[in-house]
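All remarks here apply to the structure that follows.
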Amino acid sequence: MDLGLNNKHALVLGASQGLGLAVAKALLAEGASVTLSGRSSDRLEAARQSLPEDQQVRCHLALADLSGPDAARTISEAARSNGNVDILVNNTGGPPPGLPSGVDVDIVSAQFDAMVRPVLSLTLDFVASMRAQKWDRIITIASSGVVQPIPHLPISNALRSTLVGFMKTLASEVAKDGVTVNMLLPGRIATSRTRSLDAAQAERSGRPLEDISAESAATIPAGRYGTVEEFAAVAAFLAGVPASYVTGSMLRVDGGAIRSI
Ligand SMILES: NC(=O)c1ccc[n+]([C@@H]2O[C@H](COP(=O)([O-])OP(=O)(O)OC[C@H]3O[C@@H](n4cnc5c(N)ncnc54)[C@H](OP(=O)(O)O)[C@@H]3O)[C@@H](O)[C@H]2O)c1
């Protein structure tokens, strides 16, 4: 299937590794140019160097810490200097785990500034020009926790639900302008984030990491964690022309982990 992404330009946040980098790679493989954003120039440069040479020339970098007050403006200016942004992939780091009863509201506030505020700022920054262009995509990486809250991730469950509520509302406003707004809900995709969450669980329970990961995989109907490539393929489809009538949706990429319909 031709996704029609030649000559499209995507801005992917949180793109130095994991889900964001995999999505960027999938879009590049489909012919798009991509601006990768993250906090470390070394990690971003390493990500670019990991690409085939013909894709490196279509890959640009935008350095910023999303929690900084000027992050959205810095990223927006860097991305626009590489051309109109047709596809915005919202992605951030994840908050620390813990019990809901032990949540520190100062940490919630700091995580809001890193996970929600810059995503809203960048979405609002781009949406006006996107509506004028009459063809655009906004994809927000959330979590299965917005449907089935994940124990020990109360801040993630709460803050990502804020984004889901906003994006769903925005989807209705901009649908007539050819802008689709969708959310991707990863379940357990193998990345350094899932490894560190499993390691935290192993430490809490005093049990080996391998046992924790195996038990977690066994709760998933697919019987395993997903790969970043499996996740990115769904994102690339949503970004493509054939997905023009999919908007306001929350797509699960979870191997069946969410048990509700
Ligand atoms: N993997 C899963 O199965 C899963 C499931 C549910 C939800 N999620 C969520 O989906 C998101 C991506 O997951 P992942 O597994 O790919 O995580 P990851 O491997 O930890 O990658 C996070 C990315 O975000 C960037 N980042 C983190 N903090 C940042 C900040 N303050 N400013 C700018 N960039 C920042 C990191 O780059 P630098 O460190 O280089 O800046 C990195 O590229 C996370 O929010 C995660 O919690 C993942």
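Key figures
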{"read-out": "The stretch 181-261, accessible surface, carbon-and-sulfur percent (1.4 angstrom probe)", "value": "59"}
{"read-out": "Length-normalised contact order of the chain in % [C-alpha pairs under 8 Å, at least 6 apart]", "value": "21"}
{"read-out": "GNM flexibility winner over the chain from 160, 224, 204 (Cα, springs under 10 Å)", "value": "204"}
{"read-out": "Surface accessible to a 1.4 Å probe, per residue, for the residues of the stretch 199-261, Å²", "value": "56"}
{"read-out": "Principal-axis tilt of helix 105-115 within the chain, Cα atoms, nearest 10 degrees", "value": "30"}
{"read-out": "The chain - charge dipole about Cα centre, Lys and Arg +1 at Cβ, Asp and Glu -1, debye rounded to 20", "value": "440"}
{"read-out": "Heavy-atom accessible surface of the stretch 75-129: percent carbon and sulfur, 1.4 Å", "value": "55"}
{"read-out": "Furthest towards positive pole of dipole, 143, 33, 228, structure part the chain, Cβ charges", "value": "143"}
{"read-out": "Heavy-atom surface of the stretch 98-154, accessible at 1.4 Å and reported per residue (Å²)", "value": "46"}
{"read-out": "Size of the chain as Cα extents on the principal axes (Å, biggest first)", "value": "52, 38, 37"}
{"read-out": "Accessible area of the stretch 1-70 belonging to carbon and sulfur atoms, whole % at 1.4 Å probe", "value": "45"}
{"read-out": "Set of lysines near residue 8 by C-alpha distance (under 19 Å), chain-local residues within fewer than 8 positions excluded", "value": "25, 134"}
{"read-out": "Positive-end residue of 205, 152, 133, charge dipole of the stretch 112-261 with Cβ unit charges", "value": "133"}
{"read-out": "Degrees, to the nearest 10: 117-133 long Cα axis against longest axis of the chain", "value": "30"}
{"read-out": "Part-to-part distance (alpha-carbon centres) for the stretch 151-206 and the stretch 229-247, which is given in Å", "value": "17"}
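The values are calculated or read from the model by the stated rules, or taken from the named source; none is laboratory data. The structure displayed is predicted, hence computed values, not measured ones. Glycine gets a Cβ as well: all are built from the backbone with ideal geometry, and neighbour counts include every protein chain shown. Surface accessibility is based on the protein's heavy atoms, side chains included, excluding ligands, DNA and RNA. Shrake-Rupley method; radii C 1.70, N 1.55, O 1.52, S 1.80 Å.
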